[in-house]
Amino acid sequence: MKLACASGSLHRAIESGDLTQLEFLDLCARELACDGVVLDVRHFPRTDDDYLAQVKKMTTDRGLSIAALAAAPFFSGTRDEMDVVLAQAEALGAPLVAAPLPRETASAWTDQLERLGTATSLAKARNITLALRNAPQTFAATTHDYKRVAKEADSAWLRFGPDPLSLDAASDVRALEPNTVLLWSDARLESDRSIAQALDVFAEFRGHLVIDESSGTADRALLAGAIARWRKAMLDRR
């Protein structure tokens, strides 16, 4: 398992101008010593080819990988809006786009299923896998929801990107393991026990575990502490 940090965890600092996206990359490489990053689409000051190439080059120079592009409204977007995000991921060399489904009250399931078909078709054309995040009151809130979405969407380009701690108590996290391509952990909610439980379930997972903070108000100390706990737990299990 590799460790990544989500720029969304520092959304307030980036939005206010206290931290730039490029400074975030330096922070992850030099201070947090991450293996990778998840870049939120909200944090790109520009999306022209030159700037995306600069971001890709800088991550390479810093020894980081771009684990995924995070785009919360992805599955609510139009065909063109979805393809813009996928094109950005392609330009950056990001293998995944991570997003939750909309709230159940936003549209009927049949409408959402149609958008899923569009999204997976576009993802296949660009060779980008979609990592579906779980979120309360959405069409992917539980492991049962995940199974339904996977069965009805029926696409190899739709995989799972769960945060085990935010699933309900009735969810069977182990059922998600075969199709999981990205894991998430909220730095404010995790504990030594929850980390140990996640490592039990995902012992063979070789992708990125993403350190996040759902409110976007994390600071460097919080993220550093979370990364240290995960790294220690993984070393203790060897």
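Assorted remarks:
- Qualifying residue in the range 136-145 (condition: part of a loop (DSSP other than H, G, I, E, B), within 18 Å of the chain's Cα centre (by Cα), closer than 23 Å to LEU32 by Cβ and not aromatic (Phe, Trp, Tyr)): no
- Each residue in the range 123-151 was checked for being in contact with a Pro (Cβ under 6 Å, 6 or more places away or on another chain) and among the charged types (D, E, K, R), and 1 of them qualify.
Residue by residue, here is whether (1) in a strand (DSSP E or B); (2) touching a residue at least 24 places away in the same chain (Cβ under 8 Å); (3) touching a His at 6+ places or on another chain (Cβ under 7 Å); (4) of a type in the set (Gly, Ala, Ser) holds:
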site: LEU165; (1), (2), (3), (4): no, yes, no, no
site: ASP168; (1), (2), (3), (4): no, yes, no, no
site: TRP184; (1), (2), (3), (4): yes, yes, no, no
site: LEU189; (1), (2), (3), (4): no, yes, no, no
site: ILE195; (1), (2), (3), (4): no, yes, no, no
site: LEU199; (1), (2), (3), (4): no, yes, no, no
site: PHE205; (1), (2), (3), (4): no, yes, no, no
site: ALA218; (1), (2), (3), (4): no, yes, no, yes
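- Which listed residue, of GLY207, GLY225, is crowded, with 20+ Cβ neighbours inside 10 Å, more than 13 Å from ALA6 (Cα to Cα) and among the small types (Gly, Ala, Ser): GLY207
- Considering (1) farther than 16 Å from PRO100 by Cβ; (2) touching a Ser or Thr at 6+ places or on another chain (Cβ under 7 Å); (3) aliphatic (A, V, I, L, M), the lone condition that LEU176 does not fulfil carries the number (1).
- Count - residues of the range 123-173 that are closer than 14 Å to PRO95 by Cα and in contact with an Asp or Glu (Cβ under 8 Å, 6 or more places away or on another chain): 3
- Within the range 127-143, considering residues that are of a type outside the set (A, V, I, L, M, F, W, C) and surrounded by 15 or more Cβ atoms within 10 Å (Cβ to Cβ), the one nearest to TRP157 (Cα to Cα): THR129
- Restricting the first member to the range 104-117 and to residues that are on the phi > 0 side of the Ramachandran plot, and the second to residues that are assigned to a helix (DSSP H, G or I), no beta-carbon pair is closer than 7 Å while six or more apart or on different chains.
- The range 161-182, subset in contact with a helix residue (DSSP H, G or I) (Cβ under 7 Å, 6 or more places away or on another chain) and of a type in the set (A, V, I, L, M, F, W, C), residue surrounded by the fewest Cβ atoms within 10 Å (Cβ to Cβ): ALA175
- Enumeration of residues in the range 1-14 that are in contact with a helix residue (DSSP H, G or I) (Cβ under 9 Å, 6 or more places away or on another chain) and not in a strand (DSSP E or B): MET1, SER7, GLY8, SER9, LEU10, HIS11, ALA13, ILE14
- Within the range 136-160, the only residue that satisfies the criterion of being small (Gly, Ala, Ser), touching a helix residue (DSSP H, G or I) at 6+ places or on another chain (Cβ under 7 Å), without any contact (Cβ under 8 Å) to a residue 40 or more places away in the chain and within 18 Å of PRO102 (Cα to Cα) is ALA150.
Residues are listed down the side, and each one gets a yes or a no for (1) touching a Pro at 6+ places or on another chain (Cβ under 9 Å); (2) more than 19 Å from ALA4 (Cα to Cα); (3) not polar (S, T, N, Q):
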position: ARG115; (1), (2), (3): yes, yes, yes
position: SER121; (1), (2), (3): no, yes, no
position: ALA153; (1), (2), (3): no, yes, yes
position: LEU167; (1), (2), (3): no, yes, yes
position: THR180; (1), (2), (3): yes, no, no
position: GLU190; (1), (2), (3): no, no, yes
position: ALA198; (1), (2), (3): yes, no, yes
position: ALA203; (1), (2), (3): no, no, yes
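Values quoted throughout were computed directly from the atomic coordinates according to the rules given, and no laboratory measurement underlies them. The model shown is predicted, which means the values in this text are computed figures rather than measured ones. A quick note on method: Cβ atoms are made from the backbone with ideal geometry, for glycine too, and the neighbour counts reach across all protein chains shown.
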